[in-house]
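Read through the structure below, which is laid out as structure tokens, and then see the notes.
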Amino acid sequence: MHMLTRIYYELLAFLFPSRTGVVWEQIQYEDIAARYAITTIYSVTNGVALLPYRDPRVRELLWTLKYRGKKSIAKQFGTLLAHYINEQHTQKQNLLLVPVPLSQKRLRERGFNQTESIVRACVDKIPHLSYSSNLLVRTKDNEHQARLSRKKRLENIKGAFAVDDPDNMLADAHIILVDDVVTTGATLAEARSALIQAGARQVTCVAIAH
């Protein structure tokens, strides 16, 4: 890991300390799969979540993936996302997975997009599934959403996404827009809105946890 990236993660770990008391290395996929339950995200149109963020095992894995850069964890969530797609969308055609993007600044700091890693792991389980990591782009270096009020989150994320669709991928695709954690739903809602305004006919929002 690059020295600057390591410093970045150490800083994140200091600012967002884990309080679960759970050791992430001891959490198996079966532990996460046992907590799988599709729930509606009422603040996001056509939005669902797969896991409860309040569960300490779920929270510890997501925290460790995001704030310590342990990318191997993405495989567990990618496997669960693949299960959801096979269960809920197996009969649908032209599915296209789109991860919620990071800003270029945050991507350089972190070194990877944790949601894109989850999507890639999902596609590894369903090889015929398509995904795009550059269809939706982030146009603003927003302040971290985690410590903002709902009102501030809405203001902070407004106009933060744009769609780059040179190959007309939106025309016939059913987009599954993926994010790792949803709290107020402001980020997912704004990203979905950008896709709809660009011509997407159907967008299902899926959060790994809520």
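Kindly list the number of the only condition in (1) open to solvent by 20 Å² or more (accessible area, probe 1.4 Å); (2) modelled with pLDDT of 95 or more that fails for Glu155.
(2)
Identify, by number, the condition in (1) within 28 Å of Thr64 (Cβ to Cβ); (2) touching a Leu at 6+ places or on another chain (Cβ under 9 Å); (3) modelled with pLDDT under 95 that Leu170 doesn't meet.
(1)
Among the helices (runs of 4 or more DSSP H) contained in segment 32-139, which hold 3 or more residues that are touching a residue at least 40 places away in the same chain (Cβ under 8 Å) and open to solvent by less than 70 Å² (accessible area, probe 1.4 Å)?
Details: elements: 56-68, 74-88, 104-110, 114-125.
Of the helices (runs of 4 or more DSSP H) lying wholly inside segment 32-139, those with at least 3 residues that are touching a residue at least 40 places away in the same chain (Cβ under 8 Å) and open to solvent by less than 70 Å² (accessible area, probe 1.4 Å) span 56-68, 74-88, 114-125.
The values are calculated or read from the model by the stated rules, or taken from the named source; none is laboratory data. Everything quoted here is computed from the prediction, not taken from an experiment. Positions of Cβ are backbone-derived with ideal geometry, glycine not excepted, and every protein chain shown enters the neighbour counts. These area figures cover heavy atoms from the full protein model, side chains too; ligands, DNA and RNA do not enter into them. Shrake-Rupley method; radii C 1.70, N 1.55, O 1.52, S 1.80 Å.
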